[in-house]
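Everything on this sheet refers to the single structure shown next.
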Amino acid sequence: MSTLAHTMMTAARSADSGLASPGELDRYPYAEAPAVDRVGAPAWDGADPELGRVGRRAAGSRGRGLHGQLVQQLGQMIVSGDLGADRPLVPEEIGQRFEVSRTVVRESLRVLEAKGLVSARPNVGTRVRPVSDWNLLDPDIIEWRAFGPQRDDQRRELSELRWTIEPLAARLAAGHGREDVQQRLVDMVEIMGHAMAQGDALTFSRADSEFHSLLIQIAGNRMLEHLSGIVSAALQVSGGPVTGCDRPNETSLAHHSRICDALATGDGAAAEAAMRQLLTVHPEVERVVPAPREH
């Protein structure tokens, strides 16, 4: 999948980036959980049977070999509901089921804790946390929700959030005359045009993602910039409410070009309007995300 990056994010790959330090490994004792905790312990029958042989598989999307694949598998199981809230996760059982080492299990649980999916407490062990505690702006959680039972809700929420963030970013970006970045945006539109003509969806997607991320980054608002990962994640999630970026065509390309023109002339209102049109080219989106009232 193309890059779709971080957190709507605090989220960001901060969680993904860190392996557990030696001192932190002890937070996940590898001792057997108390017998009371084992009541209702998760059955792993629903897990990917191939993950038990993770050593034979290519590195997962998290890019960290066995550790990344285990994070992916456990994360998907939690988000899908296969491992419900407050279910105990016994490191020993996880290691045996997936045939991975204690270090891999501990590192994976640490990443999942950073994402708000699990918690580890003394004398209680590691348990799945309720949805209200999840970092829903984390790019991995966005992906897992988007391709699980909650796919419709996740895609609708992403569309709504983009519709709120990006028009504002476009307006603000028009007030920052960074010619180098504006030229880069123009270059991305040209790449998208060539890719569309050649039927190269992957190149189009990558250029489109960079276009939208750059636009947010030059808005001059650091809090918006911190949320740029939302857009990257949303562009990787297909289906659901359709936006101009989901269906490459001449109309979508024209809206991107109009945004560039508005930025070049410093016309914030025009940049904002063009972005709204880009994100609302399909009637389904208008029903989900109604236009704001004029005051």
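The values are calculated or read from the model by the stated rules, or taken from the named source; none is laboratory data. What you see is a predicted model, and the numbers here were worked out from it, not measured in a lab. Counting neighbours? That spans all protein chains shown, and the Cβs are built from the backbone with ideal geometry, glycine included. Accessible surface areas use protein heavy atoms only, side chains included; no ligands, DNA or RNA. Shrake-Rupley method; radii C 1.70, N 1.55, O 1.52, S 1.80 Å.
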Worksheet item: With r defined as the distance between the Cβ atoms of D152 and Q198 and R0 fixed at 22 Å, what FRET efficiency is calculated, to the nearest 0.05?
Response: 0.10
Worksheet item: With all protein chains present and a 1.4 Å probe, how do H67, H226, H194 order by accessible area, largest first?
Response: H194, H226, H67
Response to the item:
Rounded to the nearest 10 Å², the 1.4 Å probe accessible area of D261 is 100 Å²
Fill in: Rounded to the nearest 10 Å², the accessible area of R155 at probe 1.4 Å
30 Å²
Discussion item. Leaving ligands and nucleic acids out of the surface, order L168, L158 by accessible area at 1.4 Å, largest first.
Written reply: L168, L158
Practice prompt. Scan around V118 for amide H atoms under 5 Å from its own, H built in the peptide plane at 1.01 Å from N, and keep only partners 5 or more places away or cross-chain.
Written response: E113, R129
Worksheet item: What is the extension gain from T164 to V131, computed as 0.36 nm multiplied by their sequence separation minus the C-alpha to C-alpha distance, in nm to one decimal?
Response: 9.6 nm
Practice prompt. Decide, for segment 77-138, between rounded, prolate and oblate: order the square roots of the alpha carbon gyration tensor eigenvalues as a ≥ b ≥ c, take rounded if a/c falls under 1.5, and otherwise choose prolate if a/b is larger than b/c, else oblate.
Written response: prolate
Worksheet, complete the sentence: Placing each pseudo-label 7 Å from Cα in the direction of the beta carbon, N221 and Q96 end up separated by a distance in nanometres of 5.3 nm
Response to the item:
Put S159, S80 in order of accessible area, largest first, probe 1.4 Å, and you get S80, S159
Worksheet item: Amide H of Q150: which non-local residues (sequence gap of 5 or more, or other chain) have their own amide H closer than 5 Å, using H built in the peptide plane?
Response: none
